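*Asks:* First the structure, which I've put down as structure tokens, then a few questions once you've had a look.
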Amino acid sequence: MAAASGARIGVVTFPGTLDDRDAARAVRLAGAEPVSLWHADADLHGVDAVVLPGGFSYGDYLRCGAIARFAPVMTEVVAAARGGLPVLGICNGFQILCEAHLLPGALIRNDHQKFVCRDQQLRVVGNRTAWTADLAVDQVITIPLKNGEGGFVADEATLDRLEGEGQVVFRYEGSNPNGSLRDIAGVSNGRGNVVGLMPHPEHAVEPGFGPDMGGAPRSGTDGLALFTSVIGSLVRA
């Protein structure tokens, strides 16, 4: 069945990726057609946007995302992103985007040296991106978080530039789960077509399977807004 929007969004699978099917389902629920992309693909098969999902690409050897950054598909992703293609990196995907220099900064081991898995509140800081247009500035959303190397770091000059140029997209609300500097949970590039965040919006898109919200177990669907946002940006374009 054709997607309601006509949009085709690629979801990349690397060896060790865990959340590609979840991301594809989120794309489908938002109204677009998910297109599977393999790490060895030499083209993007005409997709309108790309999601780099979470997991442990190439086993996280060397450094999270460091090997995936050199996968053949990433040559195409980098070139397309620089040309304006919307790209979302979730968790390991965020790490890959930083390694590929599509986003500034880096992700390091959580400051408490432990893997964290919990429902996490985020405050929306920037909604002038392809992936956050359906969210309101200062809106607080709840989506799952699961990472061991989620601490966002950058030098002070880079952090100041991100703040000053509106490239901080999400901050951790309530408590900082991994020691990220300035509570940063997600950032964008200057153009706003590339966004990375550590929490997992694809795990909060369907009632019965998301975070607990308002006394209703597993009812949270806040993550769906990221996927509807990019579809809307594609339609408007």
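*Asks:* Given the options R28, R21, name the one that is over 15 Å from the mean Cα position of the chain (by Cα), closer than 20 Å to L224 by Cα and not in a loop (DSSP other than H, G, I, E, B). Spell out how you get there, then give the answer.
*Replies:* Values: R21 fails: over 15 Å from the mean Cα position of the chain (by Cα).
Criteria check complete, one pass: R28.
*Asks:* Only one of (1) in contact with a His (Cβ under 8 Å, 6 or more places away or on another chain); (2) in a loop (DSSP other than H, G, I, E, B) fails for L37. Which number is that?
*Replies:* Going through (1) in contact with a His (Cβ under 8 Å, 6 or more places away or on another chain); (2) in a loop (DSSP other than H, G, I, E, B) one by one, L37 breaks only (2).
*Asks:* Could you list, in sequence order, the residues of the stretch 114-147 that are over 15 Å from G196 (Cα atoms) and β-branched (V, I, T)?
*Replies:* V116, V137, V140, I141, T142
*Asks:* Taking into account only those residues within the stretch 36-50 that are over 10 Å from G10 (Cα atoms) and among the charged types (D, E, K, R), which is surrounded by the fewest Cβ atoms within 10 Å (Cβ to Cβ)?
*Replies:* Pass one, the stretch 36-50, residues over 10 Å from G10 (Cα atoms): 39-43.
Next cut, among the charged types (D, E, K, R) only: 41, 43.
Working: D41: 19, D43: 12.
The qualifying residue surrounded by the fewest Cβ atoms within 10 Å (Cβ to Cβ) is D43.
*Asks:* Can you name the number of the only condition in (1) open to solvent by less than 50 Å² (accessible area, probe 1.4 Å); (2) closer than 20 Å to L103 by Cβ; (3) modelled with pLDDT of 95 or more that H203 fails?
*Replies:* Going through (1) open to solvent by less than 50 Å² (accessible area, probe 1.4 Å); (2) closer than 20 Å to L103 by Cβ; (3) modelled with pLDDT of 95 or more one by one, H203 breaks only (2).
*Asks:* Let me ask something else about it. Can you find even one residue in the stretch 59-71 that is more than 23 Å from T129 (Cα to Cα) and of a type in the set (D, E)?
*Replies:* yes
*Asks:* Can I ask one more? Output the qualifying pairs, or none if there are none: Cβ atoms under 9 angstrom, residues six or more apart or on different chains, first residue in the stretch 163-184 and on the phi > 0 side of the Ramachandran plot and of a type outside the set (G, A, S), second residue assigned to a strand (DSSP E or B) and open to solvent by 50 Å² or more (accessible area, probe 1.4 Å).
*Replies:* R182/R171; D183/R123; D183/R171
*Asks:* Moving to a separate point now. Could you check V116 against (1) within 16 Å of the chain's Cα centre (by Cα); (2) within 27 Å of L159 (Cβ to Cβ) and say which number it fails?
*Replies:* (1)
*Asks:* Do any helices (runs of 4 or more DSSP H) entirely within the stretch 66-170 hold 1 or more residues that are open to solvent by 70 Å² or more (accessible area, probe 1.4 Å), and if so, which?
*Replies:* Here the list reads 72-82, 156-164.
*Asks:* Something else: Could you check the stretch 25-59 and list, in sequence order, the residues that are touching a Leu at 6+ places or on another chain (Cβ under 8 Å), in contact (Cβ under 8 Å) with a residue 40 or more places away in the chain and on the phi > 0 side of the Ramachandran plot?
*Replies:* G55
*Asks:* Same structure, new question: Name the single residue, out of those in the stretch 1-54 being polar (S, T, N, Q) and over 14 Å from G89 (Cα atoms), that is modelled with the highest pLDDT.
*Replies:* S36
The values are calculated or read from the model by the stated rules, or taken from the named source; none is laboratory data. In this text the structure is predicted, and so the values were computed from the model without any measurement. As a convention, Cβ positions derive from the backbone with ideal geometry for all residues, glycine included, and neighbour counts pool all protein chains shown. What goes into the accessible areas is simple: the full protein's heavy atoms, side chains included, and nothing from ligands, DNA or RNA. Shrake-Rupley method; radii C 1.70, N 1.55, O 1.52, S 1.80 Å.
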